[in-house]
Amino acid sequence: MGVISTVLGFFGFGFGFSAGIVIGYFLFIYVQANDVKDVKVRPLVEYDSKSLEGVLPEIPLWVKNPDYDRIDWLNRFLELMWPFLNKAICRTAEDIAKPIIAENTAKYKIDSVEFETLSLGSLPPTFQGMKVYVTEEHELIMEPSLKWAANPNITVVVKAYGLKATIQIVDLQVFALPRITLKPLVPTFPCFAKILVSLMEKPHVDFGLKLLGADVMAIPGLYRFVQETIKKQVASMYLWPKTLEVPIMDPSKASRKPVGILLVNVVRAQNLRKKDLLGKSDPYVKLKMSDDKLPSKKTTVKRSNLTPEWNEDFKFVVTDPETQALEVNVFDWEQVGKHEKMGMNRVLLKDLPADEIKVTTLDLLKTLDPNDVQNEKSRGQLTLELTYKPFKEEDMEKEGIEGTDAIEKAPDGTPAGGGLLYVIVHEAQDLEGKHHTNPYAKIIFKGEEKKTKVIKKNKDPRWEDEFEFLCEEPPVNDKIHVEVLSKAPKKGLIYGKETLGYIDISIADVISNKRINEKYHLIDSKNGQIQIELQWRTS
């Protein structure tokens, strides 16, 4: 009887369950509710502020406030760079924390405090928008809205009194509105000298703290106490108008304003080593200020002379006498091929007395490395006459002092009423020869022809060659012809030299402006350009 009841009950359950499924399906499909209302679709402009916040609880600042700009590109940048920024920030934070920990462990009789793990997690901060202020000062002010829900993995191991405790920070949240000021703006990369950071309001900082595996922040009252303590401490240090100042560079050095003039007279050289196999060397001197982007200045070439005398004067603008140096190189001029270096040395400006003539004789060296054994070999001496003349305060305030590339005067002997046309062929770009590209430039002015060095197999050559043309009177109606050619390779007997393009430049603009430094599109060249600097110097 029991068996029959069990079988009937089983079949009854199966039939009832199947019938319930079928009946429920039909009721769900064919029976409609009577209390369902149609959804009303309204534009967002018709919502009030409370309703809008309910629909969109996280509205970006660039939507609510027109003063904030949308910076999705920055968030995208952070997302891509975060794996690398995370490691860099953690390494920097660890380096900063180590001396602070070492100072306090002895104070509180703690054996050691070490980071077992230190990672800010895989989630980068997000900027909701940024406000930028325009001021009359040389500064840039930005106010980004920062929100960061991080998943850090920061574990600190503390050892004291023979005990070991592990503290872990988890589930970090930071909401802040900082003001970042870059000032002063300077013409030297990265274009600002200091970073000033302030908080425009008290930040919101929330995190979990686990001690020995238990959540310490779950203790009643501790969470609110920690929150308020953090807000007060951070606000007392960085709440505006208080700032965190991060120096980037010395503003006085970054501005690179001239503070004086260095007068150099290249007197003579002696005991120079012979470089040519046949005959003597043909020496000349190149002079340049360190940290100066202007091309080097050169003396004339003294043919077949190992004890040359020049007595030639040069002027250099000084921007930082404490760190700058005059770099001197002696070369052997070659008709063909690269000019060979005969020796080098430098003079530190900080060793020069102000407004006094100092005659110094420099030993020519192989390199500027004091430990280089090759410098023990004698290469000759070079005698210089140096005078450093610092500017007076009233002179530095005058207009025109700020330029570091002031036009020099023409040398003595320049005809009265005339002058010196100074030509610097800097570089060319996108040159293309038909069969070869070994470019050099040819300059023709009033029938006088001069050429730059040849740079082999280069479509973007950089020459930095300088030339002088003495004029009896200002050439206001003349033009200078610059032609770029490609020299045929020695093995290429089939194809001769090729013309890569040319340009004719009127001298009238140079006479009126004293200097022109521009790029010119070469005629008869598809994309070729050449950069030429022209200076008109008068006595």
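So the values come out like this:
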| read-out | value |
| --- | --- |
| Complete set of residues in region 155-173 that are under 23 Å from C90 (Cα atoms) and either open to solvent by 60 Å² or more (accessible area, probe 1.4 Å) or out of contact with any Leu (no Cβ under 7 Å at 6 or more places or on another chain) (or both) | T155, V156, V157, V158, K159, Q168, V170, D171, L172, Q173 |
| Criterion violated by L123 - all others in (1) touching a Phe, Trp or Tyr at 6+ places or on another chain (Cβ under 7 Å); (2) assigned to a loop (DSSP other than H, G, I, E, B) satisfied | (1) |
| Residues within region 519-539 that are among the small types (G, A, S) and open to solvent by less than 70 Å² (accessible area, probe 1.4 Å), tallied | 2 |
| Meets criteria (open to solvent by 100 Å² or more (accessible area, probe 1.4 Å) and either within 30 Å of W536 (Cβ to Cβ) or at pLDDT 85 or above (or both)) for E397 | yes |
| Members of region 198-212 that are of a type outside the set (A, V, I, L, M) and open to solvent by less than 80 Å² (accessible area, probe 1.4 Å) | S198, P203, H204, D206, F207, G208, K210 |
| Strands (runs of 3 or more DSSP E) wholly inside region 283-371 that include at least 1 residues being within 23 Å of K453 (Cα to Cα) and in contact (Cβ under 8 Å) with a residue 60 or more places away in the chain | 283-289, 325-332, 340-348 |
| Selection count where residues are closer than 19 Å to G447 by Cα, over 33 Å from the mean Cα position of the chain (by Cα) and assigned to a strand (DSSP E or B), scope region 500-539 | 6 |
| Condition check for E449: charged (D, E, K, R), surrounded by 18 or more Cβ atoms within 10 Å (Cβ to Cβ) and not assigned by the TED database to the domain that holds K297 | no |
| Residue check for G419: modelled with pLDDT under 75 and outside the structural domain of T299 (by the TED database) | no |
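The values are calculated or read from the model by the stated rules, or taken from the named source; none is laboratory data. All values derive from a computational prediction rather than experimental measurement. A quick note on method: Cβ atoms are made from the backbone with ideal geometry, for glycine too, and the neighbour counts reach across all protein chains shown. Quick note on the areas: whole protein, heavy atoms, side chains included, nothing else; ligands and nucleic acids left out. Shrake-Rupley method; radii C 1.70, N 1.55, O 1.52, S 1.80 Å.
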